[in-house]
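The values are calculated or read from the model by the stated rules, or taken from the named source; none is laboratory data. These figures come from a predicted structure and were not determined experimentally. Backbone-built Cβ (ideal geometry, glycine too); neighbour counts: all protein chains shown.
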Amino acid sequence: MESGLSSLLSVSIDFETSHLFFPTIIHWIMAGLFVLILVTKVVPFLAEVKRGERTLPIVGEPMDAFRFFGTLVLIVAYFYLMAVVGNLFPYTGYGFLFVSMAFVLLMSLMYMHEWTKKAVTIVVINAVVAPGLAWFILAKLFNITLP
């Protein structure tokens, strides 16, 4: 009798798969929430579209091709040039710093509607300070290796 009770109260942990316990629970919760969103929001919206009460967003709306494709080009160039410039200054994080400054500057200028002296000055200051601060905190304070 005692061996049955002790086996009931004993716990064995498989350390090769125990790290997957909580991620699996989170995945199932997220999948359930996704289905809940589909049922409560998307299905009624599509029913309204089918009845003609609403239209699908994006379809038939004008597209700003310059900003759309410019953003795609800048993102690809950002990741490519970060490695290129990073190889010029290995283990310093200057690739991240210099390319991020240019990226933030060009993205901000591309999306700015009115080019006033004040707005451009703010964009330039932001393009220098924000990546510089991120670089300083990550590379110098926390010693995180940046490209």
| query | more than 30 Å from ALA139 (Cα to Cα), among the β-branched types (Val, Ile, Thr) and at pLDDT below 95 - does that describe any residue in the range 91-103? | reply | no
| message | Given the criterion more than 20 Å from the chain's Cα centre (by Cα), at pLDDT below 90, loosely packed, with under 10 Cβ neighbours inside 10 Å and not in a loop (DSSP other than H, G, I, E, B), identify the matching residue among PHE66, PHE22. | response | PHE22
| message | Just to be sure I understand, how many residues within the range 104-142 are loosely packed, with under 11 Cβ neighbours inside 10 Å and over 22 Å from the mean Cα position of the chain (by Cα)? | response | 10
| note | When restricted to LEU106, LEU133, LEU138, LEU72, the only residue under 30 Å from LEU46 (Cβ atoms) and not in a loop (DSSP other than H, G, I, E, B) is LEU72
| message | Looking at the structure I just gave you, is THR55 polar (S, T, N, Q) and assigned to a helix (DSSP H, G or I)? | response | no
| query | Can you name every residue in the range 85-95 that is surrounded by 13 or more Cβ atoms within 10 Å (Cβ to Cβ), part of a helix (DSSP H, G or I) and either aliphatic (A, V, I, L, M) or in contact with a helix residue (DSSP H, G or I) (Cβ under 6 Å, 6 or more places away or on another chain) (or both)? | reply | VAL85, GLY86, GLY95
